[in-house]
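Read the structure below first, then the notes.
The values are calculated or read from the model by the stated rules, or taken from the named source; none is laboratory data. For clarity, every value in this text was computed on a predicted model and none was experimentally measured. Glycine gets a Cβ as well: all are built from the backbone with ideal geometry, and neighbour counts include every protein chain shown. For the accessible areas, the whole protein counts, side chains as well, though only heavy atoms, and no ligand, DNA or RNA atoms are used. Shrake-Rupley method; radii C 1.70, N 1.55, O 1.52, S 1.80 Å.
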Amino acid sequence: MEPITPPISPIIVLAGASGDLGLRIARCVMQRGGSVRALVRKGSNSSVAVETLQNLGASVVEVDYNNPQDLLEACTSGSCVVSALSGLREVIVETQSRLLEAAVKAGVPRFIPSDYSIDFTRLTRGSNRNLDLRREFHEHLDRAPIAATTVFNGMFADLLTGEAPLVQPAIKRVIYWGSADQPLDFTTIDNTAEFTAAAALDPHTPRFLRVAGEVMTIRELKDTASRAMGHQFRLMRVGGLSVLAFMISFARRFFPQKKEVFPAWQGMQYMHNMLTGLPKLEPLDNDRYPDIKWTSVEQVLGRMKN
């Protein structure tokens, strides 16, 4: 009797694997039975991340993202290339384009770009620098002979505990601009990683997938913060969206930080985009992978409770 050959796990080629989101995607792919070929930039000081990836069981490959041959070899035999790269034009447009070209040459059937955001296809150009770069990369991606899937997840809910200025525990206020009744999409980094891993292992994904761990308005966020932290929050309207737009313009002029990936005004642009309602995610694909348990905003804000 001939021995039974075990099925070969699909190989997910993961760029940006040493970053926060990349590490989480790698872990989730492995948990779902896939194999991870983790691409790490040559000469990068990421020994802790490399050790973490190796402990997970990932195959770590050092690459020079400027070397097409390196990228071609890294993509060979991959079933899907997933990008979790972070940066500005040099990374999002130029590096991802070289990675895309290598994936096509290697015969990789699918590509997931580093988007993980609100639906920037519904925004006007110039309203968000970082998302404009992703839109520009899409022009290359949509012309390439490869199946592409973008994962849209709204705002990372984790940012509500610090970097996003909406919830202010010190003054027991939820601050906002515009309407308190505009629905907003929030998804944790972990849930985004879980969904991306599932999509990477799914050979039949559409061009766009949209998820939100929870959809809520600013008014509902105020009630949620009150429950999560055990004391009453109130709303604080700073002004209309035109006020926020002025603040963005002022910050860009006097504190440009052009080489920073996430200067303060970039976060303000993101908030302005969300509060307009234009990039609201519809329809949602939360039920596509029913084993994913979505983390609520209340659970996230509960981490801030004293």
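The table for this structure:
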{"read-out": "Global form of segment 201-294, assessed from the alpha-carbon gyration tensor, a/c cut-off 1.5", "value": "oblate"}
{"read-out": "Folded to 0 to 90 degrees: helix 47-56 orientation relative to the chain principal axis, Cα", "value": "70"}
{"read-out": "Range in the chain, longest, excluding exposed trypsin sites (Lys or Arg not before Pro) [loop by DSSP; at most 15 other beta-carbon atoms within 10 Å]", "value": "43-124"}
{"read-out": "Contact order relative to length of the chain, as percent, for alpha carbon pairs under 8 angstrom and 6 or more apart", "value": "18"}
{"read-out": "Arg207 versus Val238: modelled label distance in nm, points set 7 Å from Cα along the beta carbon direction", "value": "3.5"}
{"read-out": "Accessible area (Å², per residue) of the chain, counting only protein heavy atoms and a probe of 1.4 Å", "value": "47"}
{"read-out": "Normalised contact order of segment 45-186, rounded percent, pairs of Cα under 8 Å and 6 or more residues apart", "value": "20"}
{"read-out": "Proximal lysines to Lys293, defined as alpha-carbon separation beneath 22 angstrom and excluding residues fewer than eight positions away on the same chain", "value": "Lys280"}
{"read-out": "Of Ile189, Val211, Trp177, farthest towards positive along the dipole that unit charges on Lys, Arg, Asp, Glu beta carbons give segment 172-215", "value": "Trp177"}
{"read-out": "Candidate lysines for bridging to Lys105, where Cα separation is under 26 Å - those fewer than 8 sequence places away on the same chain excluded", "value": "Lys42"}
{"read-out": "Nearest 10 degrees, 0 to 90: helix 189-200 Cα axis against the chain principal axis", "value": "40"}
{"read-out": "Those lysines that a straight Cα-Cα span of less than 17 Å connects to Lys172, excepting residues fewer than 8 apart in one chain", "value": "Lys222, Lys305"}
{"read-out": "Sparsely packed chymotrypsin sites (Phe, Trp or Tyr not before Pro) within segment 87-193, loop by DSSP, other Cβ within 10 Å at most 12", "value": "none"}
{"read-out": "Percent of beta bridges antiparallel (DSSP, the chain, rounded to nearest 5)", "value": "15"}
{"read-out": "Net +/- balance of residues flanking Pro68 in space, Cβ distance below 13 Å, scoring K and R +1, D and E -1", "value": "-3"}
{"read-out": "Within the accessible area of segment 110-234 (1.4 Å probe), percent carbon and sulfur", "value": "49"}
